[in-house]
Every structure is written in structure tokens, then in C-alpha cells.
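Working notes, structure below.
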Amino acid sequence: MKQIILTGDRPTGRLHVGHYVGSLRERVRLQNTGTFDEIYIMIADAQALTDNAEHPEKVRQNIMQVALDYLACGIDPEKSTIFIQSMVPELTELTFYYMNLVTVSRVQRNPTVKAEIKQKNFEASIPLGFFCYPISQAADITAFHATVVPVGEDQEPMLEQTREIVRKFNEVYGETLTEPQILLANNRASMRLPGIDGKAKMSKSLGNCIYLADSPEEIKTKIMSMFTDPDHLRVQDPGKVEGNPVFTYLDAFSTDEHFAEFLPEYANLDELKAHYQRGGLGDVKVKKFLNNVMQSVLQPIRERRTYWEGRTDEVYEILKAGSAVAEKTAAKTLQEVRHAMKIDYFDENNLLK
Ligand code: ATP
Ligand code: MG
């Protein structure tokens, strides 16, 4: 069986370091292993419009920003197809058929949808399109027969929903769609990076982000003002590392090489944590180290971004060509779906059969 990746991001803002550790870093690694037959990376503008219907300009502007972030992180358009969701209208038609295979109460039970409805204060006025976005995600994934979907932990319920749709579709209409596997980052901290405010998730919509495009000064200011252990008042006090975002970020980003370079008095993160827990280690020192780590991770990304910012017409061509490739693949799947459902009426006089 072909190994195919599909993943993506909503153009609701520039990408942040949560996206990087949760999904982007893994995508680039997988891309460069060369073991995947096809890789599709989608800028999910149609999904972004489900909760931004009144701000289409915001979504439009951020398409280029997200594309620049991809290229900055090392997504290579020679190896990965980058495309814009709404430029592949076949995805919408697939969504429409899949919606019949899912109940309202099933979507209501989706914990990510629940959390987002609460976070966005939709209360009784949930846009129907927003409510259906897990189904449109199933269309995005299955249109490419994706086998692997590298995403953050908040996407787990979406993958489960997709697998259910695939099973149901294949059961009702015959074996057609491919069941995808989720691929989560290999450490807890990276699966759901908290915000700099200590909130459970760094999220564009919450404004608690360090962006990939932030300047060195912005990164430093954000890190130095980060939330830590509120009970760690004096340097000599024992501190907590669980739930302390500074340590969570170190879990996600720091390597032993960073210790050797910036904080050689500790061999690794375990030693630093042990000292913090014993007491005698101040927050400022830990934050300064985190700042050095983040600066060294983000500097090459920022430099590549600057390179591409001067070449947006090339980026435009990448998106246009990628969308054409993606549409071709999705059209083939849509044809398979219509055939399985026996609604391909005018192919080979099928309506007469
Ligand atoms: P929005 O607030 O508009 O939903 P977002 O910050 O949640 O934006 P998405 O575009 O919804 O970003 O998510 C893109 C990808 O990044 C998904 O795979 C998601 O799981 C992952 N991701 C988003 N936030 C984090 C995070 N804080 N930690 C790890 N992964 C994340
Ligand atoms: Mg999100």
C-alpha cells in the first residue's frame, strides 16, 4: 500500500512554535526520510471560514503567511504538495456525502469541538459550517487516501471521526476509502504545547503564542514574562516542573547539545529539573536558558522566512501548482466515491444500468 501523508493548518494567523513541535517538525522529518509516496500539506482556508465568515480578509491574508512559515520550516515543494483547500472543490462534495453518515449527537460528543464552542463563546449560535468541520476534515484526509496524519493531540477526535466515516462508507458502499493513522509528536509536551500564559494550548485564537516569525527581541520579551510556578517565590524555594510552561517548553525544544552550548553546568534537562525541584535555582536563569534554546531553534527558520518573503510571486506559483496537483488527486477519489455510491449516472450510461 502507498504511504501517503495529509495534514494542514488553518490560515487564521501566522504559525507558532506549538505548530512547529506538534506537527511541522515531524512533517519535515518525514518528508526528508523519503519513505512516503505522496505528501499533501493543506492550507485549510475553507475550514478557517467556518468560524471567520465575517473576516474573509483575515483568512485570505494569512494564506501567504502560513505558506511562508511552511517554507521557512523546511517543507520542500519538490517533495511535498502544498495546496489551498478551497481551490479543491471536490473536498466540499465529499463532505456533503459524508455528512449523511454521521449523526448530530456524534459531533456534539467530539471533545475538541466542545472545547472550541466554549472557547469561541458560540453558545446557542454555532455556525452549522463550523459544527460540520470534523466531517470536512474527513473529506480532506480521505480525498488523498492518506495513511498517516501528523498532527497535535487536539486532532485525535477528528481522526477517530474520520476512521468511523471510512468504516461506515466502506460497509455501506463497498471498500473504497483508506483508514488513516494519527501520528503524534514523540513527547507529551510537543503534542499540546501550552500558551505563554500557561493556558492548556498555545493557539492563534487565544493570542498566547510565540510565532515562528517573531523577532529575537519579541521572543525574549515573551519568554522573560512567562508564567512559571506561582509558589516558587524565592530562589531557595523548591519549585514545581509539572504544569510549569517554562519546563514544558524545555521538554519540547531543548536537547543535550543545547545544554553543552548554553548551560554546561548541567548535562541535561533531568539535572536542571532536579535542581529546580530541590530549590536554589531561580526562574530567571531557567528562562535565560530557554531563550537561548528558542533563539537557536528559531533563527534559521526566521532567516529562511526572510528569504521567501522576498519571493512571494514564487510562493504564489508553488500554491497554484500544488492546488492543481491536489485537485487532480481529489477528483479521482471523488470519482471512486460516486462510483461506489452508484451516483456516477453519466459515466458509461450508468443510469440506464
Ligand atoms: P486556531 O486557533 O485557529 O484553531 P491553532 O493554533 O489551533 O489555530 P490549527 O491550524 O488549528 O492551529 O492547527 C494546526 C496544527 O497544529 C494541528 O495539527 C494542531 O493539532 C497543531 N497544533 C495547534 N496548536 C498546537 C499546540 N499548542 N501544540 C501542539 N500542536 C498544536
Ligand atoms: Mg485549531
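The values are calculated or read from the model by the stated rules, or taken from the named source; none is laboratory data. This one's a predicted model, so the numbers in the text were calculated from it and none came from an experiment. When we count neighbours, we look across all protein chains shown, and the Cβ atoms used for this are built from the backbone with ideal geometry, even at glycine. Only protein heavy atoms, including side chains, enter the accessible area calculation; ligands, DNA and RNA are left aside. Shrake-Rupley method; radii C 1.70, N 1.55, O 1.52, S 1.80 Å.
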Task: Isotropically averaged projected area of region 70-118, using the convex hull of Cα atoms (one quarter of hull area), nm² - done: 5.8
TODO: Take the eigenvalues of the Cα gyration tensor for the chain, scale each by 5, and report the square roots as semi-axes in whole Å, largest first.
DONE: 40, 22, 18
Open item on the list: Tell me the mean residue ellipticity at 222 nm calculated for the chain from its helices only (DSSP H runs of n ≥ 4, each -39500 (n - 2.57), averaged over every residue, nearest 500).
Closed with: -16000 deg cm²/dmol
Task: Where 333, 255 fall by accessible area, highest first, once all protein chains stay in place (1.4 Å) - done: 255, 333
- [ ] Calculate how steeply helix 312-340 sits against the longest principal axis of the alpha-carbon atoms of the chain, using the helix alpha-carbon long axis, and give the answer as 0 to 90 degrees to the nearest 10.
- [x] 50
Task: Span per principal axis, largest first, for the Cα atoms of region 153-291 (Å) - done: 66, 29, 29
TODO: State log₁₀ I(q)/I(0) for region 179-250 at q = 0.14, 0.27 Å⁻¹ as given by the Debye formula over alpha-carbon point scatterers of equal weight, solvent excluded.
DONE: -0.52, -1.28
Task: Choice from 125, 86, 136 showing the highest fluctuation, given a GNM over the chain with Cα pairs closer than 10 Å - done: 125
Open item on the list: Order 157-164, 279-286 from most to least packed using the mean count of other Cβ atoms within 10 Å.
Closed with: 157-164, 279-286
Task: the chain: relative contact order as a whole-number percent, Cα under 8 Å and 6+ apart - done: 22
Task: Which listed pairs, of 201/288; 220/287; 204/240, have C-alpha distances above 19 Å, in listed order - done: 201/288; 204/240
Task: All Cα pairs of region 1-78, percent lying beyond 17 Å - done: 46
TODO: Could you let me know the centre-to-centre spacing of region 194-221 and region 2-48, using Cα atoms, in angstrom?
DONE: 20
TODO: Leaving ligands, DNA and RNA out of it, report the carbon-plus-sulfur percent of the accessible area of the chain at a 1.4 Å probe.
DONE: 53
- [ ] For the chain, give the magnitude of the charge dipole about the Cα centre (Cβ charges: +1 Lys/Arg, -1 Asp/Glu; no others), in debye to the nearest 20.
- [x] 540
Open item on the list: I'd like the orientation of helix 133-143 relative to the chain: the angle between its Cα long axis and the longest Cα principal axis, in ° from 0 to 90, rounded to 10.
Closed with: 70
Task: region 54-196: proportion of alpha-carbon pairs further apart than 25 angstrom, % - done: 35
TODO: Compute the acute angle (0 to 90°) between the alpha-carbon long axis of helix 269-278 and the principal axis of greatest extent of the alpha-carbon atoms of the chain; round to the nearest 10°.
DONE: 50
TODO: Once you have all Cα-Cα distances for region 211-284, histogram them in 5 Å bins from zero and send the whole-percent values.
DONE: 3, 15, 23, 25, 21, 10, 2, 0
Task: Cut-off under 5 Å, modelled amide H: who pairs with residue 183 long-range - done: 149, 151
Task: Gain on full stretching of the segment that runs from residue 128 to residue 317 - 0.36 nm per residue minus C-alpha separation - done: 64.7 nm
TODO: Can you give me the P(r) profile for region 228-353? Cα pairs, bins 10 angstrom wide beginning at 0, each as a whole percent.
DONE: 11, 25, 14, 12, 15, 13, 8, 3, 0
Task: Shape call, region 285-345: gyration tensor on alpha carbons, a/c limit 1.5 - done: oblate
TODO: Multiply the residue separation of residue 187 and residue 257 by 0.36 nm, subtract the distance between their alpha-carbon atoms, and state the gained length in nm to one decimal.
DONE: 23.4 nm
Task: Linear extension gain, residue 240 paired with residue 103, 0.36 nm per residue minus alpha-carbon span - done: 45.0 nm
Task: Dimensionless Rg/Rh of region 1-131 - Kirkwood Rh, Rg from C-alpha atoms - done: 0.99
